[in-house]
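> Got a structure here, written out as structure tokens. Questions coming.
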Amino acid sequence: MTGGSETQTDLRNSSSIRTFVCIDVPASIKDRIAQLQGNLRQHDAKISWVKPANIHLSLKFLGDVAATRIPAVGSAVERAAHLVRPLEIEVGGAGCFPSAKSPRVFWVGLTAVPDRLARLHALIEQELATEGFPPDTRKFSPHLTIGRVRLPQNAGLVAGELMSTGFSPASFQATEVIVMRSELNPSGSIYSALYKLSLGSEGCD
């Protein structure tokens, strides 16, 4: 299990760590999302745009986790990752939650949910449940969050442009899962990898 360079020091110096599990996306896709965000910024709307460097495909949000439990989280995710081979993910399309008329979250989506990605998510939920983390009851709906609405004024205009512009498909191969630390900061969240866990070999599903 490969940890970030400061993992052990962080665990000793923290009582709890805001934690999530994700797949990173390549810089080429992040750059295209940054261009999309730049176009949408032209509207006078109160939107908190996610920094391109922070854009990721979330698999599980754990919230504040006691630092002493972080190694168990890493081990659980490693067990799940070991059972799934690297997979191809195609990003494409865009939208908002809960609706275009009353948007709260803007996202870029996936053209389809690969079976291997759904299996990886299910295994992560299963393994984390054995460590005492309750499974998510919501349907798995993978997406890349690119912005969050702070005030509703003109947010519908942004949603309309996002929906009409869309996001043309782009593929990448996912080879690892990351257990990520999130530190809240006035200028935006700061992410750092606690563990980078390779997906399994050809002998896996």
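The values are calculated or read from the model by the stated rules, or taken from the named source; none is laboratory data. Predicted, not measured: the structure shown is a model, and the values here were computed from it. Note that we place each Cβ from the backbone using ideal geometry, even for glycine, and neighbour counts take in every protein chain shown. Side chains included, ligands, DNA and RNA excluded: accessible areas come from the protein's heavy atoms. Shrake-Rupley method; radii C 1.70, N 1.55, O 1.52, S 1.80 Å.
> Work out, step by step, the length gained on full extension between S141 and L184: first 0.36 nm times the residue separation, then minus their alpha carbon distance; give nm to one decimal.
Stretched out fully, the S141 to L184 stretch lengthens by 13.0 nm.
> Oh, and also: Within segment 102-160, which chymotrypsin sites (Phe, Trp or Tyr not before Pro) sit in a loop by DSSP and count at most 15 neighbouring Cβ atoms inside 10 Å?
Here the chymotrypsin sites (Phe, Trp or Tyr not before Pro) that fit, given the DSSP loop and packing criteria, are F140.
> Once every DSSP H run of n ≥ 4 in the chain is given -39500 (n - 2.57) and the sum is divided by its residues, what mean residue ellipticity at 222 nm do you get, rounded to the nearest 500 deg cm²/dmol?
-9500 deg cm²/dmol
> Further, regarding this structure: Note the direction-averaged projected area, equal to a quarter of the hull surface, for the Cα convex hull of segment 97-205, in nm².
Mean orientational projected area (segment 97-205, Cα hull): 9.4 nm².
> Just to be sure I understand, if you calculate percent of Cα pairs over 31 Å apart for this structure, which of (i) 21; (ii) 17; (iii) 12 do you get?
The listed entry that was calculated here is (i).
> Can you tell me the length gained on complete extension of the stretch M1 to R32, counting 0.36 nm per residue apart and subtracting the Cα distance?
Here the segment from M1 to R32 would lengthen by 8.0 nm.
> Turning to a different aspect of this structure: I'd like the orientation of helix 155-165 relative to the chain: the angle between its Cα long axis and the longest Cα principal axis, in ° from 0 to 90, rounded to 10.
80
> A follow-up question, please. Would you mind telling me which residue in L117, L162, L151 has the biggest mean-square fluctuation in a Gaussian network model of the chain, where springs connect alpha carbons within a distance under 10 angstrom?
Ranking L117, L162, L151 by mean-square fluctuation puts L151 first.
> What residue among H43, H121, H143 has the largest mean-square fluctuation in a Gaussian network model of the chain, using Cα springs under 10 Å?
For the chain, modelled as a Gaussian network with Cα springs under 10 Å, the answer is H43.
> Using Cα springs under 10 Å in a Gaussian network model of the chain, which residue among R181, R138, R18 shows the largest mean-square fluctuation?
With Cα springs under 10 Å in the chain, the top fluctuation among R181, R138, R18 is at R138.
> Only four residue types carry charge here, +1 at the Cβ of Lys and Arg and -1 at the Cβ of Asp and Glu. Report the dipole size of the chain about the Cα centre in Debye, rounded to the nearest 20.
Around 640 debye, computed over the chain.
> Can you find, among P71, A159, G188, the residue farthest towards the positive end of the dipole of the chain? Put +1 on the C-beta of Lys and Arg, -1 on that of Asp and Glu.
Toward the positive end, the furthest listed residue is A159.
> Can I ask one more? Specify the angular offset, from 0 to 90 degrees and rounded to the nearest 10, of the alpha carbon long axis of helix 27-40 from the longest principal axis of the alpha carbons in the chain.
30
> For segment 32-88, rounded, prolate or oblate, judged on the Cα gyration tensor with a ≥ b ≥ c (square roots of eigenvalues), a/c < 1.5 rounded, else prolate if a/b > b/c?
Because a/c hits 1.5 or more and a/b fails to exceed b/c, segment 32-88 counts as oblate.
> Probe radius 1.4 Å, ligands and nucleic acids left out: which of K101, K196, K60 has the largest accessible area, and how do the rest follow?
Correct descending sequence by accessible area is K101, K196, K60.
> At a Förster radius of 41 Å, what calculated FRET efficiency corresponds to the Cβ-Cβ distance of L83 and M163, to the nearest 0.05?
Here the calculated transfer efficiency is 0.65.
> What figure in square angstrom, to the nearest 10, would you give for the accessible area of D24 with a 1.4 Å probe?
Approximately 70 Å² of D24 is accessible to the 1.4 Å probe.
> If you don't mind, there's one more thing I want to ask. Could you order M180, M163 by accessible surface area, starting with the largest, using a probe radius of 1.4 Å?
M163, M180
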